[in-house]
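First up is the structure itself, then whatever we jot down about it.
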Amino acid sequence: MSKKFLYLFKEGHDAFGGDQTTMKNTLGGKGAGLAEMTHAGMPVPQGFTITTEACTQYYADNREINDEIKADIFKYMGILEEQTGKTFGSIENPLLVPVRSGARASMPGMMDTILNLGLNDDVVAGMIAKNSDIKFVRFVYDSYRRFIQMFSDVVMGLAKSTFEVIIDEVKEKKGVKNDIDLDADDMKELVKLFKAHYKKEMGEDFPSDPKTQLMESVKAVFRSWDNPRANVYRRMNEIPYSWGTAVNVQPMVFGNLNENSGTGVAFTRDPATGEKALFGEYLINAQGEDVVAGIRTPSHISKLAEDMPEVYKQFADIANRLEEHYADMQDMEFTIENGK
């Protein structure tokens with residue numbers, strides 16, 4: 001029997017008998033967490049993990065993803081399509097995904113993530129044709145420009161900062177300070193400028209085929225295991241090179257959808273004192289990287305109880321259940337999409 005290189009989140013716990021060490025070794029820290037939370041009935045968007053062994057195999061195969069693993073990735077994407085009722089690359093009802101790294105030892109900020117994958121001009125046009133509300137149009141172009149920037153940076157090595165220069169120019173021209181103050185037309189303009197910048201620097205058009213985007217992103221996450229940052233971090237923390245990183249793929253949840261959406265990070269206790277209270281921060285109408293980027297000032301998690309009492313209650317409940325499940329203080333990342 002050939003080796004199993006991919007696991008659905010809902011397979012992970014039972015496949016390894018719930019043993020956290022074995023799960024982390026194969027599924028990486030993030031994949032093991034997603035599998036365990038799925039098993040515990042938490043609201044996790046259901047996806048799959050490409051194992052650390054697939055990463056090792058990638059290096060063994062001269063930094064190529066072999067045909068067997070490639071076929072499995074598309075097979076599992078098919079399962080995601082069935083689960084969500086959406087189709088990857090479809091114009092009518094597109095499935096968009098993040099591709100996230102997840103080594104078995106925590107390596108904060110060392111490895112790479114790409115969000116909003118699966119967008120291209122046709123998909124964007126299709127989404128807007130279905131919903132032409134100006135706020136939704138802004139959201140679609142905002143997601144697209146983020147994707148172009150992240151993919152260019154992580155996959156193609158075209159520095160994120162070169163795109164920030166363009167954003168700053170657009171903001172200056174408009175006379176605003178924050179990205180959030182840019183409207184739908186500005187976001188559309190950014191997409192145009194980003195694609196032109198990409199073409200000028202890379203000598204070719206931005207890749208529009210979602211399948212190509214996916215495979216290149218998975219390779220890029222595998223590659224990021226061997227980037228200079230990661231190598232230095234591993235040496236300092238005595239993490240073996242042979243471990244590799246896993247990759248997690250799941251349907252996107254959009255914290256930048258509207259004013260009832262957002263994203264944040266939190267602990268189930270105060271890390272300094274151990275006091276049992278939610279401790280953390282969040283941003284309304286934002287995606288994950290915005291919280292850590294320092295571009296906007298996040299609100300304290302307690303303000304969420306005022307802004308969205310229902311959502312706060314949902315979150316506090318999940319946080320308590322997680323702490324009970326793991327019998328330990330938890331460090332969490334969360335996204336709110338349209339009040340959920």
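The values are calculated or read from the model by the stated rules, or taken from the named source; none is laboratory data. Since this is a predicted model, take the numbers as computed values, not measurements. Accessible surface is based on the protein model in full, side chains and every heavy atom, while ligands, DNA and RNA are left aside. Shrake-Rupley method; radii C 1.70, N 1.55, O 1.52, S 1.80 Å.
Per-residue accessible area for His300 at 1.4 Å probe radius, Å² rounded to 10?
The value for His300 is about 90 Å².
Okay, helix-only estimate at 222 nm for the chain: each DSSP H run of n ≥ 4 adds -39500 (n - 2.57), divide by all residues, round to 500 deg cm²/dmol; what do you get?
Only helices count here, giving -16500 deg cm²/dmol.
Restricting to Cα pairs below 8 Å that are 6+ residues apart, what does the relative contact order work out to for region 170-271? Please round to a whole percent.
12
How much accessible area per residue does the chain have, in Å², with a 1.4 Å probe?
Per residue, the chain has 47 Å² of solvent-accessible surface.
Return the Rg/Rh value of the chain, two decimal places, where both radii are evaluated on C-alpha atoms and Rh is the Kirkwood radius.
Computed over Cα atoms, the ratio is 0.95.
When only the heavy atoms of the protein chains count and the probe is 1.4 Å, how do Val165, Val97, Val292, Val253 rank by accessible area, highest first?
Result of the area sort, largest leading: Val292, Val165, Val253, Val97.
What is the extension gain from Lys177 to Ala125, computed as 0.36 nm multiplied by their sequence separation minus the C-alpha to C-alpha distance, in nm to one decimal?
15.9 nm
Rounded to a whole number, what % of the accessible area of region 235-281 do carbon and sulfur atoms account for, probe 1.4 Å?
Exposed carbon and sulfur together represent 55 percent of the surface.
For region 258-340, count all C-alpha to C-alpha pairs, find those more than 16 Å apart, and express that count as a whole percent of the total.
In whole percent, the share of Cα-Cα pairs in region 258-340 beyond 16 Å is 48.
Could you put Ser302, Ser106, Ser224 in order of accessible surface area, largest first, with the 1.4 Å probe and the full protein assembly present?
Ser106, Ser302, Ser224
Could you work out the mean projected area of the convex hull around the alpha carbons of region 194-304, in square nanometres to one decimal?
Seen from a random direction, the Cα hull of region 194-304 projects 10.9 nm² on average.
Using a 1.4 angstrom probe on the protein heavy atoms only, line up Asp153, Asp270 by accessible area, largest first.
Putting Asp153, Asp270 in descending order of accessible area: Asp153, Asp270.
Would you give the gap between the C-alpha center of region 249-290 and the C-alpha center of region 109-177, rounded to a whole Å?
One Cα centre to the other: 21 Å.
Could you work out the relative contact order of the chain, using alpha carbon pairs under 8 angstrom and six or more residues apart, expressed as a whole percent?
Computed value for the chain: 19 percent relative contact order.
Quick one: what Rg and Dmax do you get for region 54-174 from the alpha carbons, in Å?
Cα radius of gyration and Dmax of region 54-174 are 17.2, 50 Å respectively.
Report the relative contact order of region 96-222, percent, no decimals, based on alpha-carbon pairs under 8 angstrom and at least 6 residues apart.
Contact order relative to length: 32 percent.
Share of antiparallel DSSP beta bridges in the chain, in percent to the nearest 5?
Roughly 95 percent of the beta bridges in the chain run antiparallel, per DSSP.
Along the three principal axes, how long is region 1-66 when you take its alpha carbons, biggest first, rounded to the nearest angstrom?
Taking the Cα atoms of region 1-66, the three principal extents are 39, 22, 22 Å.
Using DSSP H assignments, which helices in the chain have an axial alpha-carbon span of 24 Å or above and a mean Kyte-Doolittle hydropathy of 0.0 or higher?
Qualifying helices: 134-154.
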